Each structure stands twice: as structure tokens, then as C-alpha cells.
Amino acid sequence: MSQVPTDRAKGAGNSDELTAAIIASGERTVKGLIAKYIDLYNAQRLQPGDRLPPIRKVATDVAMSPTSVGLAWRYLSEQGYIIGQGRSGTFVAHRPLTKARQEQTRWNPVPNHSSSMVDLSLGFPDRNLLPKLASSSFEKIIDLSASGYHEDPVLPELAERLYELFPFSKEDSAITVVDGSLDAIDRLLKEVASMGDAVAVENPNFPAIFDLVEVNSLIPIPVSMDSSGIVPDSLEEAINAGARVLITQPRSQNPTGCSRSQERTRKLASVIQASSESFFIIEDDHSAMISCSEFDSFAHLLPGKTAHIISFSKSHGPDLRIAAIFAPDEIINKIEYRRRLGPAWTSKTLQHILANLLADPKAIAKISKAQEVYRRRRLGLGKEMAGNWSVSPPTDGLNLWIRVEDETQTLISLASKGVVAAPGSHFWLNGPSYPAIRLTLAFADHDEENLTMEIAASIAQRSTSFRM
């Protein structure tokens, strides 16, 4: 761990050079502040033990918001460039870290409970609602050969089917296939962002999104949400703080289940267009085919700035490991070039299976049934708990986000009934704004009515509904 040298800790050292360098550069972004700090550090014009000015003083001196300076300080602290000493102040550290920012990530999907428990914490789909494989699923699959690395990584039949299913034009959006939505987000971040860039992320959110941003040496900036999606003023604040990328879930948002309205999309697009800075949007449509909400994408308003991810894990099965990316040609070409140096392509056998399932009437009917069952479970649990809380506004997808009086007590109460829920506190970037839990409505072989009643009975009597 970095230590502050006692012989320099009381002095201001050369830290005023930092504010002077920022003022001289005219740079007023989180990334710019970080870059100037690292430049001075590498040039040894900032020495270990130098006391840094308070955040508010730096913000005033360089005409930035305290929030933006705080984000820069947090990034530098996580990378080992500075160290906080409480009331004594913040100091230049001995040396930056040479290993990953976090030894313990936020997302840890390894279960630590008895297998006899009903696990509704993982976010996995109900296996009984997934399409079954049949002989027709393997049509046109003769062997496991491939024609070579020069081959198009996307199966033509699958590409055509995806363009038929989702309203993207081939002129504005090229397509590629990768190994799931998180793989897609990771690869997109590597192409559209560089070290120290700030990324706007929905809050609350799937914790793996926060981890992905940080392991790519990027800075997550939380943006608040309501029942229609991201709040425009919050996105504007994030852009003003230096955000150059947005990761957003257009529908069935994990964990809240909310879906973005088309009116909200237009307002957010206006906020983005009003900024003079370059900006890119990554849309994670992870539950596309089991969502009841209508399709919506920034790609129709900002085609050159948008990548839209369609995942099939929730609808067709996690083990397919397939997600499609619709994005501008330049972005798709970069992703495919980089993949040629690694996995090269996603299994054409799996792509064939998905293409066949997407054309199979029985599989299509199964997906429609899954939509209806998840909807019925959301509404059924809401009805059973009427008086404590209600599903208002309506949510979507396979998760239910429940605001409670006491998170820990609610989790214990559920566990006493043999039910495991996900702690709501895990889904916040910088600590929870309120106590909550997330339930995945994957009841599998358990009796739906009895399980619904047990869950409802386990929620604290004075729990309130999730209201964004």
C-alpha cells in the first residue's frame, strides 16, 4: 500500500503546479485533469508526499465542478497515484499500482448458499421457458469445419434474419456477432474510449457494468433514472463532467425493469447533440426478445454515434453465448480486426442453431409464452403484495426490483422461507440510495402460486413500492 513520507507530508510541495498546468492548457475535463497530473508525476514535478489542494479549491481555481475534480481524484486514488489521509489531506503517493484496480470486483456470481434453496438472485432465465432443441435446430450443420480466417465471422443466414427481426438499415448499421452482451460492451469500450475517459452509467445498474468500465481504466459517472429511463438533466451533468460514452439499457433495465420511452430517447438525443464534444452510445438490449416493451434505439436518431447490442441469453439460453452488435462500419471493422487476433469468430455451429431457432415456429411460440409468463409473474407478485407495494410504474423483463424497509432483514426473512434474493446494495455505484432487493422470476420447477405467496409473506409489512 502507498505510504506518505513523513518528511514532506506537512508541506504543499509543488502541488500548485497542477492547477497552473490545467489553467494553462485550457482543459476542463476529468480526463484532462488526470492526464496533467500523470504528466507532472512522471516528470517528477509532483513528489511523493506533496499535499494536494482540497477538491473545492482545485475546482474553483480551474473552473471545474467539485464533482468532476472528485471523479479525477477517485480515479487517481484507485490507480495508486494519490492517497487520502482523512482530515490530514490528500497526498502524492510513492508509485502507481501495477495490478488491476480492484482485487475484489463488485460482481461475484458464485453462489454461497445451499443447493436446496430456491435461488432467485442470479438473473438467469427460467430453463423451462427456453426453446427446446430439436432435429430442425441442427439443419445445415454437417460438420465442424470452417473455410478459414478470411471468412466473414457472421453467418450470412443469421445476419439476414437479424436484419429482418430488428429495424436497422444495412446502410447505417453493420453487424457482427460476439460472445454475449458483456463481451460486446467490453469490446466496444476498447474501441470508443481510452484510458481515463469518463463513462456515464445508469444507477442502479448491473454491477458487472461498473466493473467493466473500471477494469478498462475508465471512470464511471452515475446518471439517475426514473420510470422512463435516464433523467436528461442527469445525463447533461455527466457530459459536462467529461463523460464521452454512455452505456444504457433501453428496456427491461437490470435491476429496475424500467424501459425507456421514445419521448425520453428524443430528449436524451437532444442533450447529446447539444454537446460540442464527441460522444458514443452503447445500448445493451440484453432481454430484447422477452421484453414486452417496444423496440427503441438511439441508432434511429444518432446512427453514427450508436452501437446496439442484442443478446439472446435471456430468450434462447445463456449457453449459446451469442450477442449481435449493430454499429457503424468503422466500429464493426475494428472489433472484427481485434477478434482475429483472439477467438476470430463465434462458433458457426452455434450461429446456425440460433438462426434455425429464430425461424422455427415452435421456438418462436416458446419465446412468446416466456414473455407472457414473466409478465404474469411480475403482476401476480405485485397483486399478492398489494398494500405493501405495487408494480407501479409497470416494469419489464425477468427481474423484479423491490424497495423494502430493511434490505438485510428482508433477505433473512426470504432465506427463512428457502428463497435467495439479490441484495439491492450490490447494484449501486457509490452506495445505495434506498434499501431494495432484486428477484429473478425464474421459478423453474417450483409451484408458482405457492412461491409467490411465500415471497410476498417474507417481505416486511411496511415495505414500499419501487418508485423512481
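The values are calculated or read from the model by the stated rules, or taken from the named source; none is laboratory data. Every value quoted in this text rests on a predicted model; they were computed, and no experiment measured them. As a convention, Cβ positions derive from the backbone with ideal geometry for all residues, glycine included, and neighbour counts pool all protein chains shown.
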- Query: Across the stretch 343-401, which residue is farthest from ALA324 (Cα to Cα) among those that are of a type in the set (Phe, Trp, Tyr) and modelled with pLDDT of 90 or more?
  - Reply: TRP401
- Message: Return the pair list, or none, for Cβ contacts closer than 6 Å from residues in the stretch 114-128 that are more than 16 Å from LEU381 (Cβ to Cβ) to residues that are surrounded by 13 or more Cβ atoms within 10 Å (Cβ to Cβ) and β-branched (Val, Ile, Thr), at least 6 apart or on different chains.
- Response: MET117/VAL420; ASP119/VAL420; GLY123/THR440
- Query: What number of residues in the stretch 214-262 are of a type outside the set (Lys, Arg), under 20 Å from MET289 (Cα atoms) and either without any contact (Cβ under 8 Å) to a residue 12 or more places away in the chain or assigned to a loop (DSSP other than H, G, I, E, B) (or both)?
  - Reply: 12
- Given the structure, is ALA442 part of a loop (DSSP other than H, G, I, E, B), at pLDDT 90 or above and in contact with an Asp or Glu (Cβ under 7 Å, 6 or more places away or on another chain)? yes
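Matching residues to (1) closer than 22 Å to TRP401 by Cα; (2) surrounded by fewer than 23 Cβ atoms within 10 Å (Cβ to Cβ); (3) in contact with a Gly (Cβ under 6 Å, 6 or more places away or on another chain):
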| site | (1), (2), (3) |
| --- | --- |
| GLN253 | yes, no, no |
| ARG264 | yes, yes, yes |
| ALA299 | no, no, no |
| THR306 | no, no, no |
- Message: Checking SER194 against (1) part of a helix (DSSP H, G or I); (2) of a type outside the set (Val, Ile, Thr); (3) within 22 Å of LYS36 (Cβ to Cβ); (4) out of contact with any strand residue (DSSP E or B) (no Cβ under 6 Å at 6 or more places or on another chain), only one condition comes out false. Which one?
- Response: (1)
- Residues of the stretch 328-372 satisfying the condition of being without any contact (Cβ under 8 Å) to a residue 12 or more places away in the chain and part of a helix (DSSP H, G or I): GLU330, TYR337, PRO361, ILE364, ALA365, SER368, GLU372
- Given (1) farther than 29 Å from THR349 by Cβ; (2) outside any helix (DSSP H, G or I), number of the condition PRO167 does not satisfy: (1)
- Message: Here are the criteria: (1) of a type in the set (Asp, Glu); (2) assigned to a loop (DSSP other than H, G, I, E, B); (3) under 15 Å from the mean Cα position of the chain (by Cα). Tell me which single one ASP211 does not satisfy.
- Response: (2)
